[in-house]
Amino acid sequence: MHGFRLIPDQPRLHFVRYRYWAYAFSAVLVALTLILLPTRGLNMGIDFQGGILIEAGMPTADPDLAAMRSSLGDLGLGEVALQEFGSPSDILIRIERQAGGEPAQLVAVDEIKATLAQQFGDDISYRRIEMVGPKVSADLFSSSAWALGLALLAILVYIWFRFEWQYGVGAVVALIHDAFTTLGLFSLFGLEFNLSTVAALLTIVGYSINDTVVIYDRIRENLRRYKAMPLADLIDRSINETLARTTMTSFTTLMALAALAVVGGPVIRDFTIAMIWGVLIGTYSTIYVAAPMLLHLHLRREGADETAALGADTPKAGA
């Protein structure tokens, strides 16, 4: 009895043949992201924007957001943004940071609670109240950018030392492609960009590089094994030999993420969406970006041949 497989053990699919179509698709995704980020921007969360965030559970099933926005706007606290957060009775309230330090933020929160109590009664449940200052939010954004940049640099150095520089460049280009298009997804749908999103980006980078290293390792092995095989055919063979493992890993990960998306609730919704996209785009970029790029980076067979020859010429202990 054989186990369940999405892909046969030895498929013979031609991936490299369609690499230019894949490059065109990736170019469209990157171009859309370059358009979206300056025009729509990112929906910065309270972590990066600063201000006051209140998550309130209203006692009525369908509260009047227009009336709520009007009453809170009359408080003179500046810009007030309201949105449903999950069910219609769960409301997310955002208010710009108040001048006067932490005491002013606490006063603003008390005023908001008092106003909502007058309008909807005392049965409102406050599930989350966050106050982030401008310096803290700027420091968090800077630290997040550094974390992502250093992660990519560390991966480049690791791949470079483990394989050759061509592998490192191909891997980092694919990872930047994955992270950048994820930002485009968040901009397109207005998903909240916060610290959880940064964690999702770092997780996507780690997931994608895991698949890339598996295929790169098989390419390196096949370079030593099939010295006369054209490089394009060798890359196709290497992808096909690891395809069953790649697709099964992605499929099982997507099953877990789908469960989180359905029952995880709105708190982790944006994180889950980012991860689902990351698994899909990471699998795609490993096969159609990272591996085919080795053709254009002039990967040398001599390195593999010299390594194999060195291993054959090295005298064994006791010889």
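The values are calculated or read from the model by the stated rules, or taken from the named source; none is laboratory data. Small disclaimer: the values here were computed from a predicted structure and weren't measured. Cβ coordinates were reconstructed from backbone atoms using ideal geometry, including for glycine residues, and neighbour counts include every protein chain displayed.
Data for the structure
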| item | result |
| --- | --- |
| Total residues in region 44-81, condition surrounded by 18 or more Cβ atoms within 10 Å (Cβ to Cβ) and within 33 Å of the chain's Cα centre (by Cα) | 14 |
| Answer from SER238, SER187, SER250, SER196 - the residue that is at pLDDT below 85 and either more than 24 Å from PRO38 (Cα to Cα) or touching a Phe, Trp or Tyr at 6+ places or on another chain (Cβ under 9 Å) (or both) | SER196 |
| Filter pass, GLU84 being free of Cβ contacts under 8 Å to residues at least 24 places away in the same chain, within 21 Å of GLY190 (Cα to Cα) and outside any helix (DSSP H, G or I) | yes |
| Top-ranked residue in region 170-213 [being buried (at least 18 other Cβ atoms within 10 Å of the Cβ) and within 21 Å of LEU234 (Cβ to Cβ); ranked as nearest to the chain's Cα centre (by Cα)] | ALA174 |
| Exclusive hit being under 20 Å from ARG127 (Cα atoms) and in a helix (DSSP H, G or I), set ARG69, ARG94 | ARG69 |
| Qualifying residue in region 301-317 (condition: under 28 Å from VAL16 (Cα atoms), assigned by TED's automatic domain parsing to the domain that holds ILE219 and at pLDDT 75 or above) | no |
